[in-house]
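We did not get these values from a lab; they are worked out from the coordinates using the rules stated. What you see is a predicted model; the values in this text were computed from it and never measured. A quick note on method: Cβ atoms are made from the backbone with ideal geometry, for glycine too, and the neighbour counts reach across all protein chains shown.
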Amino acid sequence: MKRSYVSVAGIALLLAASSAISSCGIDNKTEKKEAPKAKSEKTTATLPNYRYVDLDTVLSRYNLAKDYNEEMLRMQNNAESQMKQHENKIKNFAATVQNKMQNNGYMTEESYKSDERKMANMQTEAQRSMQNLQGNLAQAAEQAQKTINDSINAFIESYNKTRGYDAIFFKAATLYINPALDITDEVVEGLNARYNKVKK
């Protein structure tokens, strides 16, 4: 599906033109007629042939996005836990070295240098482990974002085949857009129905 883009100014003009309804009234001493009331809500048939989606709402309610978010939190917590383990291991070993120094536990300078090298290796290993974990987390987050975006785009394309809208915008791309054009709930419902069906 080719994406359609309309300028913000164009949107404003279309909305203004489609909602302009003039009213008039007669007021004199003997007779007073009420001006006809403008319609507060437009029917679907009179709305412009485009709609919008609030992406933040979609991401907060789409079960696929929520599942990925939980997975990212688990990975982050795991990385933080492993980092803490490395820190404690190095801290404990450093305390052991310090204790041996204070109690003349090193019989030779070489044994002390050996422990120094061991602690340096522990620090290097901790840094390497953290870099790997952070790299894996970043890669997983990037893949999750791509999967979610692809899923939303594929659904919108399929969804619009039965609707025939000229354009579907993200709400964040507009300065103002008529709330009657919001299809976020429909999109969330459709996304979750499809995703939950696949999961089963």
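Over the range 67-200, calculate the relative contact order: mean separation of alpha carbon pairs under 8 Å at least 6 apart, over the residue count, as a percent.
Values: 29 pairs, mean separation 38.2, N = 134.
Averaging sequence separation for qualifying contacts and normalising by length gives 29 percent for the range 67-200.
Counting Lys and Arg as +1 and Asp and Glu as -1, each charge on the Cβ, what is the dipole of the range 106-162 about the Cα centre in debye, to the nearest 20? Working shown, then result.
Numbers: 6 positive and 8 negative charges, 43 e Å.
For the range 106-162, the charge dipole is close to 200 debye.
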*Got a sec to turn the phi values of the range 120-126 into Karplus ³J(HN,Hα) couplings, 6.51 cos²θ - 1.76 cosθ + 1.60 with θ = phi - 60°, whole Hz, x for Gly and Pro?*
5, 5, 4, 5, 5, 5, 5
*Can you pick out the pairs among LYS84/LYS113; LYS161/LYS199; LYS84/LYS199; LYS171/LYS199; LYS146/LYS171; LYS66/LYS89 whose Cα atoms lie more than 31 Å from each other?*
LYS84/LYS199; LYS66/LYS89
*Hz values of 3J(HN,Hα) by residue in the range 79-96 - Karplus curve (6.51, -1.76, 1.60), Gly and Pro given as x*: 5, 5, 5, 5, 4, 5, 4, 4, 4, 5, 4, 5, 4, 5, 5, 4, 5, 5
*Excluding MET101 itself, calculate the net charge of residues whose Cβ lies under 14 Å from the Cβ of MET101, where each Lys or Arg counts +1 and each Asp or Glu counts -1.*
-1
